[in-house]
């Protein structure tokens, strides 16, 4: 396969996978809806950094070990799903608390500081089991080419992945932040949106756990 064509194929594959709704997309939307444009873009930045770490993990072979050992993969899956559900519950609980609702606007409470949003984005990406499965199934086929060294090719693939993440998740962040601004000061509407975001994150965590769990003797 021509090296240039292989990069275009990888671009199309990663764009399609990133565009599918999942834990990362839900986290970006939730961050933008509850913390505005700044929160959404910080979440995107964290996920991009997490994606770069995924490349390093794959290059070192750790990803293959996780997939070959169902117990390790399931532990990662359980941790990632529990983390996403915890974030969702934090957002949902803040909208259901009468005391919290009376003291501050919903949109400013759940996500925390800039560093907290960024780190949650990194962890959300790193704990996403679908990312490990994708990196094991797709990434190695594009990693070695006769015309480029391993490090150069890994850098190019990382740049493509990051570019697609920025394009797709950035658009989600902009759209969600725009919806938040449109809602404006209507507190009840903000509370309902935040409650929906929290519930969506919990449901996404449950479906990810159920769909990706590996049998003990797979």
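The values are calculated or read from the model by the stated rules, or taken from the named source; none is laboratory data. For clarity, every value in this text was computed on a predicted model and none was experimentally measured. A quick note on method: Cβ atoms are made from the backbone with ideal geometry, for glycine too, and the neighbour counts reach across all protein chains shown.
Residue 184: at pLDDT 85 or above and either surrounded by fewer than 21 Cβ atoms within 10 Å (Cβ to Cβ) or out of contact with any helix residue (DSSP H, G or I) (no Cβ under 9 Å at 6 or more places or on another chain) (or both), yes or no?
No: the conditions fail for residue 184.
Can we say residue 177 is in a helix (DSSP H, G or I), more than 18 Å from residue 81 (Cβ to Cβ) and modelled with pLDDT of 80 or more?
So residue 177 passes the test.
One residue is enough: does segment 40-63 have a residue meeting the conditions closer than 18 Å to residue 132 by Cα, in contact with a helix residue (DSSP H, G or I) (Cβ under 6 Å, 6 or more places away or on another chain) and at pLDDT below 75?
yes
State which residue is nearest to residue 76 (Cα to Cα) when the search covers only segment 207-218 and only residues that are surrounded by fewer than 14 Cβ atoms within 10 Å (Cβ to Cβ) and modelled with pLDDT of 70 or more.
210
Filter segment 4-32 down to the residues that are farther than 17 Å from residue 172 by Cα and free of Cβ contacts under 8 Å to residues at least 24 places away in the same chain and list them by number.
Residues satisfying the conditions are 4, 5, 8, 12.
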